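Student: I'd like to ask some things about the structure below.
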């Protein structure tokens, strides 16, 4: 269920995940999603652009954020403190 929309087509939604026993349970935090009209290649390029220009977050040595060429703010976590490979990536919801 979509719960909000922001700049660049990024949206937030409530997500359910399947537990090992097969039951569907609500994820504790809402998730953000890249716009549906972006191709996988466009998402990959946006992530690469943001990661190349990333800034590490002062309160977490693996957290980073950066801007894609289209201005979209993207965040994530590296595989190790100060690492050069991202492990998790997500678009950051910004108000219009």
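Bear in mind that the values in this text are calculations on the coordinates, not laboratory data. Keep in mind it's a predicted model, so treat the numbers as computed, not measured.
Student: By how many degrees, between 0 and 90 and to the nearest 10, does the Cα long axis of helix 40-52 differ from the longest principal axis of the chain?
Tutor: Roughly 50 degrees between the two axes.
Student: Something else about it: Return the ratio Rg/(2.2 N^0.38 Å) for the stretch 4-57, where Rg is computed over Cα atoms only.
Tutor: Ratio of Cα Rg to 2.2 N^0.38 Å: 1.46.
Student: In Å, what is the Rg of the alpha-carbon atoms in the chain, and how long is Dmax?
Tutor: 14.4, 42
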